[in-house]
Amino acid sequence: MRCTAITKGGERCKLDATGGSYCWSHNPQFREQRRRQGARGGKARGSGSIAAVMRKIESVIDDILEGRLERGKGAVVFQGYNVLLKAYDTDRKLRELDEVMERLEALEQRASLENSTSGARRGGRRSW
C-alpha cells in the first residue's frame with residue numbers, strides 16, 4: 001500500500017506505507033525522531049576545525065623549513081596536532097555510531113509495529 005501523504009510538490013508520496021497509512025518520512029509518530037536526525041544532518045562539526053588544523057600544520061612545516069621554528073618545537077607541535085586530529089576522528093565515529101543506533105531503533109520499532117498488527121510472529125520467532 002502506498003503512503004497517503006501529499007508531498008510539498010502537491011503529488012502523492014511514492015513510498016510504501018509502513019505501520020499504517022504513511023511511510024516513515026510522513027508518519028506523524030516519527031516527527032520528533034526525523035527532526036532530531038535532520039538537526040544532526042549536515043552538522044559536520046569539526047570539518048572546519050580540521051581544515052584549520054591542516055592550515056596550521058602547513059604553517060608549522062613552512063616555519064621549520066624556513067628556520068623560523070626549531071625542529072624540536074615543531075615536533076612537539078605536531079604531536080599536539082596529531083592528538084587533536086585523533087580526537088576529531090573519535091568524535092566523528094561516535095556521532096556516526098549514535099546515528100546508526102537511532103536508525104536501528106527506528107527499524108526495530110517499525111518491525112515491532114508491523115509484527116503486532118499483522119500477527120507475523122510464528123513460533124516465537126521474528127519474521128524479519
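Worth pointing out:
- Subset of region 77-119 (residues that are surrounded by 11 or more Cβ atoms within 10 Å (Cβ to Cβ), within 30 Å of ASP62 (Cα to Cα) and among the charged types (D, E, K, R)): ASP89, ASP91, ARG92
- Contact map, region 64-84: residues that are in a helix (DSSP H, G or I) paired with residues that are surrounded by fewer than 12 Cβ atoms within 10 Å (Cβ to Cβ), Cβ distance under 7 Å, separation 6+ or inter-chain. Pairs shown: ILE64/ARG71.
- Here ARG36 meets each of (1) in a helix (DSSP H, G or I); (2) at pLDDT 80 or above with one exception, condition (2).
The values are calculated or read from the model by the stated rules, or taken from the named source; none is laboratory data. All figures in this text were calculated on a predicted structure; none of them were measured in a lab. Every residue, glycine among them, receives a Cβ derived from its backbone with ideal geometry; neighbour counts consider all protein chains shown.
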